[in-house]
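> The structure that follows is given in the form of structure tokens.
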Amino acid sequence: MINSSNNLKDNNYRILTEQINLTSINLDTKSTYEIVKLFSEADKEPQKAVEKAIPHIVNAIDEITVRLKSNGRLFYIGTGTSGRIGVLDASELPPTFCTNPDLVQGIIAGGIPSLTRSSESLEDLPEIAISDLKDRNFSNRDVLIAITASGRTPYVFGALNYSKSINALTISISSVPESDSTLDNDIDIRLITGPEILAGSTRLKAGTATKMALNIISTSVMIKLGKVYGNRMIDLSVSNDKLMDRAISILFDIGSVDKETAVELLKKTNGSVKLSLLIALTGMDVVEAKQLLDDSKGNLRTALITLKCD
């Protein structure tokens, strides 16, 4: 028979992400309502964790923006859930902001197969992470966000150490305090969400907090790169009917043009919402508007301020 009291007594000797959550003892005996209620309460912790990390997240956004404006790239790297979250965030940026897929990349130990299959054996191989970065020509112009909920993943440690050694901007996201793990980085984002409802399952609170943080980081960087005007995504890729409707709506709301005119503008600009908006707001022709946008480094608001139309 397992002595649960002794197990709980040893709880403090485990890293935070492996500790037992005392609110979910006997989880398997609880009713469906009780289980859902536990998860609902627990999922308030990721938001609190992100809020406490705001200063470090702000620093990360500003520093990443500087690098990307200087032709650098952003890489997420991790294993298991952490790696999948990074790959997911990176994969959502091209369709949302019309970015080159090379600009933000997600790397997971084991590559694409690991998105659907386990690759735990690779988590203990720091040299594989270095090889994965070198294969992508990772350089000192670039940014690494290394994601490790436990703060102890050798694969991620290899990536962190290599990134620091070549003077790339090195950021880590973890869910344990410094007393559990010291990480070699320039910016240290700690999302402390506490023990999981299901002990050790960091795809839960820790994963949720990480996804929230990456949502904030990547979206904020895109805003600062001029891919947003007001609160509208103006660099979206018009690749299906839903996005065409969204593009027309943006041109109607901001450019004050009707649907027919919006469609004509999008045809003239090869589906560029940003360029179409500049034409709608200024009356410029395509060539003039494109030149102004280029001169404004792709920032619509900067272009309009130049013409005093904002």
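The values are calculated or read from the model by the stated rules, or taken from the named source; none is laboratory data. No experiment lies behind these values; they were computed from the predicted model shown. Please note: Cβ atoms are built from the backbone with ideal geometry, for glycine as well, and neighbour counts cover all protein chains shown.
> Does residue 90 satisfy the condition of being in contact with a Ser or Thr (Cβ under 9 Å, 6 or more places away or on another chain) and not hydroxyl-bearing (Ser, Thr, Tyr)? I'd like the intermediate steps shown before the answer.
Working: in contact with a Ser or Thr (Cβ under 9 Å, 6 or more places away or on another chain): yes; not hydroxyl-bearing (Ser, Thr, Tyr): yes.
In short, yes.
> Now a separate question. Within the bounds of the stretch 218-230, is there any residue that is β-branched (Val, Ile, Thr), touching a strand residue (DSSP E or B) at 6+ places or on another chain (Cβ under 9 Å) and either assigned to a helix (DSSP H, G or I) or farther than 21 Å from residue 108 by Cβ (or both)?
yes
> If we keep just the residues of the stretch 97-147 that are in contact (Cβ under 8 Å) with a residue 40 or more places away in the chain and within 30 Å of residue 246 (Cβ to Cβ), which is farthest from the chain's Cα centre (by Cα)?
98
> Of the numbered conditions (1) without any contact (Cβ under 8 Å) to a residue 24 or more places away in the chain; (2) touching a strand residue (DSSP E or B) at 6+ places or on another chain (Cβ under 7 Å); (3) part of a loop (DSSP other than H, G, I, E, B), residue 91 fails exactly one; give the number of that condition.
It fails just one condition, (3).
Residue-by-condition table, conditions (1) touching a Lys or Arg at 6+ places or on another chain (Cβ under 8 Å); (2) surrounded by fewer than 16 Cβ atoms within 10 Å (Cβ to Cβ); (3) at pLDDT below 95:
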position	(1), (2), (3)
43	yes, yes, no
55	no, yes, no
59	no, yes, no
72	yes, no, no
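> If residue 100 satisfies all but one of (1) polar (S, T, N, Q); (2) in the same structural domain as residue 189 (by TED's automatic domain parsing); (3) part of a helix (DSSP H, G or I), what's the number of the condition it fails?
Going through (1) polar (S, T, N, Q); (2) in the same structural domain as residue 189 (by TED's automatic domain parsing); (3) part of a helix (DSSP H, G or I) one by one, residue 100 breaks only (3).
> Quick one: in the stretch 286-301, of everything that is out of contact with any Lys or Arg (no Cβ under 9 Å at 6 or more places or on another chain) and within 15 Å of residue 266 (Cα to Cα), which residue is surrounded by the most Cβ atoms within 10 Å (Cβ to Cβ)?
289
> Which of the residues that make up the stretch 100-135 are of a type in the set (Val, Ile, Thr) and at pLDDT below 95?
Once the filter is applied, which keeps residues that are of a type in the set (Val, Ile, Thr) and at pLDDT below 95, the stretch 100-135 yields 112, 116.
> Let me ask something else about it. Looking only at the stretch 87-98, filter to residues that are crowded, with 20+ Cβ neighbours inside 10 Å and closer than 19 Å to residue 236 by Cβ; which one of those is modelled with the lowest pLDDT?
Top of the filtered list is 98.
> Okay, moving on. Would it be correct to say that residue 269 is buried (at least 18 other Cβ atoms within 10 Å of the Cβ), under 23 Å from the mean Cα position of the chain (by Cα) and without any contact (Cβ under 8 Å) to a residue 40 or more places away in the chain?
When the stated conditions are applied, residue 269 does not pass them.
> Can I ask one more? Which one of 84, 141, 152 is surrounded by fewer than 20 Cβ atoms within 10 Å (Cβ to Cβ) and over 30 Å from residue 299 (Cα atoms)?
Going through 84, 141, 152 in turn, the sole match is 152.
> Checking residue 227 against (1) modelled with pLDDT of 95 or more; (2) more than 17 Å from the chain's Cα centre (by Cα); (3) within 27 Å of residue 73 (Cβ to Cβ); (4) of a type in the set (D, E, K, R), which test does it fail?
Every listed condition holds for residue 227 apart from (2).
> Applying the selection to the stretch 287-310, what residues are assigned to a helix (DSSP H, G or I) and of a type in the set (Asp, Glu)?
288, 294, 295
> With (1) more than 22 Å from residue 91 (Cβ to Cβ); (2) loosely packed, with under 15 Cβ neighbours inside 10 Å; (3) modelled with pLDDT of 95 or more as the list, and residue 182 as the residue in question, which single condition is left unmet?
(3)
> Here are the criteria: (1) surrounded by 16 or more Cβ atoms within 10 Å (Cβ to Cβ); (2) at pLDDT below 95. Tell me which single one residue 239 does not satisfy.
(1)
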